[in-house]
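Since every read-out is calculated from the coordinates, none of them should be taken as a lab result. Everything quoted here is computed from the prediction, not taken from an experiment. Note that each Cβ is placed from the backbone with ideal geometry, even for glycine, and that neighbours are counted across all protein chains shown.
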Amino acid sequence: MNAELLASMKSQGSATLQSQKRPAQINNAVPRVAPKWLKYDRQVLNFSLYFQEAVVENRHENYRIRKCTLYYYLEDDTMHILEAKVPNSGIPQGVFLKRHLVPKPGSIDSYNWKDLNVGVDINFYDRVFHIYDCDDFTRAFFANEGITLGASEALPDDPFVHTRAMVDFKQTPPDQAEQKEYIEVSLKGGRPNKNLHSFLDNDRRVLSFAIMWSDNSYDGGDKFYRLNYFLSDKTVEVKEINKPNNGCYPFNMLLKRQKLAKEPVLTHYPGTNLRPVEHYGPEDFRCGETVRIWTRDCLLYDCDDFTRAWYQQNLGYTQQSVQLNKASPDVFYQPIPPETGFGTPEDSMGSVIALQPKAPKFDMKKMFKQDMHVLRFNAKLVSTEPDDESRTFIVSFYCGDDTILVYEVCDKNSGRIGGRFMKRKRQANPVSGKYYTERDFMIGRTVHLAGFKFMLMSCDEYTEKYMEDNGEVFPEASYRSTLAKIKAGCKDGDMQKYAIELLQRLDKNGDKFIDFTEFSAGLRDMGINVTNHEQHALMRHFDTNGDGRISMEEFYNTLA
């Protein structure tokens, strides 16, 4: 019994749940059928129509055709009519019918788009219009709806158009125009500007040519000018191109702005000349041809880019530049005056370059980087005096500013006062005319300082190391480059045989040591040219004990 009751309760509960189930949700945001205002939004039918209006009390016309345009809005079935404005018609034109629902005559119903067609007459408020054409969209719309519009019709002739054309065709006689101009001037009015149209179209448009006149007079020559042709009033001006220091008085204008006649009439009263005068125009100016400017034949040899483009666009002619013979340049010799004796040569040159001399500029980067390096050499004075052979000097070169300082070293009771022989300053090489630099100071070289010749005999240890560390500046201080020069003398490629032969020639006494004299004489006999500094660099490298001799064994191992 309980099982049957339970089954009946379950069946009743399921039926209750099915009866209380929610209905399916329907999307009402987008209508299934679009309304007219949404479907035909911004879609307008365009018809061309006209109506005939009677004209009374006019002997030229008895009717007039008034052209209009009908716009039909599909979204709300409204329409409005616009009438095209005709100049000098005497009729207020524009909006002929405002936009609204136009009712049919004798009915409360409004016109629909189905009532419109090409070739039919339609009545709007007792005024009959005839539709004679429509646009492409209107034909496509009617074709889509299954309606075929009629063929386009021609607009009938309007007598007003012919009448207006005859009125506009009338011209004022020339004598009447002159009479009106005389009356305007007599009444303090202005004269009519006949060139106003040309001025408005061509203002600031100038054709520019480069011309040359060959003056055959005694002090003449080729003279260059700039010819400008103004398109606004057809006038010409010629400007002279002045060159400095050409010995001629500078004239700004060869010809002031005026109309240039091809064959000018020379008379005492130009204003009363009745003979016709032909003036130059744009078609008369071509590069490579001559133009006559008051008895002067000038050659047109070039023009600017605007002129070239204007001729190509308006006359269909391409201006080709003419290459002139290059004249020899004028070379003016301006000698540099001698030094004033005050300060350095740069100070004297500053007075030549500018009226207010400026202090010479120094290489500050080099000064801060190289200021601590000083190259010191022991030197002897090269002189023909016997007393100068025993004199010894110390030449110091300062790498920071390329200055040179010379001290003389004197022994006691020598009769000479030692100390500073030459103050610190930059010295110029009399051979090259340039200032001495650090690469000019090598052992064995001779430097000219203030009229004295000093031969550099040796240098201190700091200078030796500085030169070896800067091999790109002092290539002779590197013993490797000297060894490469010696090895280059080997022709057959057997370096051991070449080294043995070289040592046999260098060690002439056979003591297995080579001193400086033997070394230099042997290399000279073999045709190997090395400088004194290169020999010194080799001796410094191979002379380990400082006795001034080279060990043959170590030298052979280095070569082989």
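General observations
- Folded to 0 to 90 degrees: helix 159-169 orientation relative to the chain principal axis, Cα: 50 degrees
- Cα centroid of region 298-330 to Cα centroid of region 154-216, whole Å: 33 Å
- A straight chain from K366 to D411 at 0.36 nm per residue would run longer than the Cα-Cα distance by 12.5 nm.
- Which of Y63, Y333, Y229 has the fewest Cβ neighbours within 10 Å, and the rest in rising order: Y333, Y63, Y229
- Whole-angstrom gap from region 359-402 to region 231-278, using each part's C-alpha centre: 71 Å
- The packing ranking, built from the mean of other Cβ atoms within 10 Å per residue, places the peptides 197-210, 240-253, 435-448 in the order 435-448, 197-210, 240-253, highest first.
- Span from the region 80-135 Cα centroid across to the region 447-468 one, whole angstrom: 115 Å
- Net length gained if the chain between Q93 and K180 were fully extended (0.36 nm per residue, minus Cα distance): 27.9 nm
- Cβ-placed point charges (K, R +1; D, E -1), dipole of region 400-470 about Cα centre in debye, nearest 20: 520 debye
- Backbone amide hydrogens, once placed in the peptide plane, bring V409 within less than 5 Å of T392, F393, I394, excluding anything fewer than 5 places away on its chain.
- Modelled FRET efficiency - R0 25 Å, K358 with K434, Cβ distances, 0.05 increments: 0.70
- Between D121 and H373, the simple label model (points 7 Å from Cα in the Cβ direction) yields a spacing of 11.5 nm.
- What the Cβ-Cβ distance of D77 and V56 gives, at R0 = 30 Å and to the nearest 0.05, is a FRET efficiency of 0.20.
- Angle of helix 516-525 to the longest C-alpha principal axis of the chain, folded into 0 to 90 degrees and rounded to 10: 70°.
- Listed from fewest to most Cβ neighbours within 10 Å, the set T69, T272, T463 follows the order T272, T69, T463.
- By other beta-carbon atoms within 10 Å, ranking C410, C287 with the fewest at the front produces C410, C287.
- Cβ-based net charge around I404, under 9 Å, with every Lys or Arg adding one and every Asp or Glu removing one: +2
- In Hz, Karplus ³J(HN,Hα) per residue of region 211-221 (6.51, -1.76, 1.60; θ = phi - 60°; x = Gly, Pro): 10, 9, 10, 8, 7, 8, 6, 4, 9, x, x
- In plain terms, the chain from K36 to K256 could stretch by 71.6 nm, reckoned as 0.36 nm per residue minus the Cα-Cα distance.
- Radius 10 Å from Cβ of L324, net charge of other residues (Lys, Arg +1; Asp, Glu -1): -1
- Global geometry of the chain, whether rounded, prolate or oblate, following the gyration tensor of its Cα atoms and the 1.5 cut on a/c: oblate
- Crossing angle, helix 174-186 versus the chain [Cα axis fit, 0-90 degrees, rounded to tens]: 70 degrees
- Cβ-derived FRET efficiency at R0 35 Å, C248 paired with N273, nearest 0.05: 0.55
- For a paramagnetic label modelled on K239 (point 7 Å from Cα along Cα→Cβ), amide N atoms under 20 Å away belong, within region 206-227, to 206-213, 223-227.
- Net charge of neighbours whose Cβ lies under 12 Å from the Cβ of R416, counting Lys and Arg as +1 and Asp and Glu as -1: -2
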